[in-house]
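First the structure, in the form of structure tokens, and then the observations on it.
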Amino acid sequence: MAAEADHAYDVPRPATRATTENASAKINLCLHVTGQRPDGYHLLDTLVVFADRMVADQIAVTAADRHTAQDTLRVTGLFGDALDDGDQDNLVLQACHWLRAHAKCDGRSTPPVSITLSKALPVASGLGGGSADAAATLRALVSHWQLPDNMIKDQESALAAALGADVPMCLYGKTLRARGIGADIAPTSNLPALPAVLVNPGQPVSTPAVFGALAEKDNAAIPPCPAGFDNAPALAAWLDAHTRNDLQGPAMATTPSIASVLGNLEATGARLARMSGSGATCFGLFDNVKDANTAAEAIANSAPSWWVRATTLNATGARQ
Ligand code: C5P
């Protein structure tokens, strides 16, 4: 019996299972700036889609080591060096603190956690990576702490104010149209899946600087959208003819490599080549997955220092 007990004691305890969530890249198919609030925030009208889960950061949450009284953040992955472990300004830790404060009011138990962010998306790149990481953290923590879903549902205004205007749309995680400062979300289900190539030239872009450089703030909203689109080329043609990214001009003025990225996407046959968000990542829309893969390979070969990914946007109309 004693030997059996010793043996049982020696068996390593199984590692605590991590709760993981993907933080897919967010793409603004178009981004119209329609005004500015007195507090400086801009009013937007934007159609947003998400990349498939192969083009995503990942959040993993486990219970903190029992000697650790604090939440910790470790950053790994291709772009992990761009961020500091444990940086309190990281939206991941800010999301964690926001949710804990929120849960405390509700008398919920939220013991310390250890969070790992695997950073696969370029930083400050117009893909909403930081916001997607915050949203994935909220989802993972709701699951880990076994909180009710309404802790983070229907909290758009509070989340936008506390964590940033793009966090609510990343939390929603499916194709949408957003207005206001980006937090007024309307689900959009009439878009086809879009084979695409994403390209980032490796230069971080400051979102406040790009908004600040926009000369004309009162621009036309997105015009009425057809009830549906037969296929990806039909949507690409409509976007090209009727929509814009108003931040593309100001971003190109400070980051000339954006023009070069757009030129490469056009040269490889994109139906539409446009910048996402405040840049510098651009997307090209292609007729099919094969064409997108071929273009991605050609661009990666011609510019080895660029980040190039083939993906399908709005792959299932559902969160990846
Ligand atoms: O909300 P978030 O912190 O992500 O925004 C970063 C910056 O981008 C803001 O400080 C602001 O300068 C600019 N911004 C804006 N209008 C928006 C969203 C962001 O001017 N609707």
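The values are calculated or read from the model by the stated rules, or taken from the named source; none is laboratory data. Computed from a predicted structure; not experimentally measured. Here the Cβ positions follow ideal geometry from the backbone for every residue, glycine too, while neighbour counts run over all protein chains shown. The area values use the complete protein model at the heavy-atom level, side chains included, leaving out ligands, DNA and RNA. Shrake-Rupley method; radii C 1.70, N 1.55, O 1.52, S 1.80 Å.
Observations on the structure shown:
- Total residues in the stretch 129-145 satisfying the condition of being of a type outside the set (Phe, Trp, Tyr) and either assigned to a loop (DSSP other than H, G, I, E, B) or within 11 Å of the ligand (Cβ to nearest atom) (or both): the figure is 3.
- Residue check, Gly126 small (Gly, Ala, Ser), at positive phi, more than 15 Å from the ligand (Cβ to nearest atom) and part of a loop (DSSP other than H, G, I, E, B): no
- Criterion violated by Ala103 - all others in (1) in contact with a Leu (Cβ under 8 Å, 6 or more places away or on another chain); (2) open to solvent by 40 Å² or more (accessible area, probe 1.4 Å); (3) not polar (S, T, N, Q) satisfied: (2)
- Options Gly126, Gly130, Gly107: the member that is modelled with pLDDT under 95 and among the small types (Gly, Ala, Ser): Gly107
- Taken over the stretch 164-173, the criterion of being within 10 Å of the ligand (Cβ to nearest atom) and either open to solvent by 10 Å² or more (accessible area, probe 1.4 Å) or touching a Lys or Arg at 6+ places or on another chain (Cβ under 7 Å) (or both) is satisfied by Gly164, Ala165, Asp166.
- For the stretch 33-66, the set of residues classified as over 30 Å from Val289 (Cβ atoms), more than 11 Å from the ligand (Cβ to nearest atom) and of a type outside the set (D, E, K, R) consists of Pro38, Val61, Thr62, Ala63, Ala64, listed by residue number.
- Residues located in the stretch 146-163, provided they are open to solvent by less than 20 Å² (accessible area, probe 1.4 Å), in contact (Cβ under 8 Å) with a residue 40 or more places away in the chain and part of a helix (DSSP H, G or I): Met151, Leu159, Leu163
- Any hit, the stretch 65-78, residues being out of contact with any Phe, Trp or Tyr (no Cβ under 7 Å at 6 or more places or on another chain), under 18 Å from Ala160 (Cα atoms), surrounded by 13 or more Cβ atoms within 10 Å (Cβ to Cβ) and among the charged types (D, E, K, R): no
- Qualifying residue in the stretch 132-145 (condition: surrounded by fewer than 17 Cβ atoms within 10 Å (Cβ to Cβ) and closer than 21 Å to Thr62 by Cβ): yes
- Residue in the stretch 174-199 that is nearest to the ligand (Cβ to nearest atom), counting only those that are among the hydrophobic types (A, V, I, L, M, F, W, C) and without any contact (Cβ under 8 Å) to a residue 40 or more places away in the chain: Ala183
- Residue within the stretch 49-68 that is touching a strand residue (DSSP E or B) at 6+ places or on another chain (Cβ under 9 Å), within 30 Å of Met252 (Cα to Cα) and without any contact (Cβ under 8 Å) to a residue 12 or more places away in the chain present: no
- Exactly one residue out of Leu117, Leu93 is within 24 Å of Gly277 (Cα to Cα) and in contact (Cβ under 8 Å) with a residue 60 or more places away in the chain: that is Leu117.
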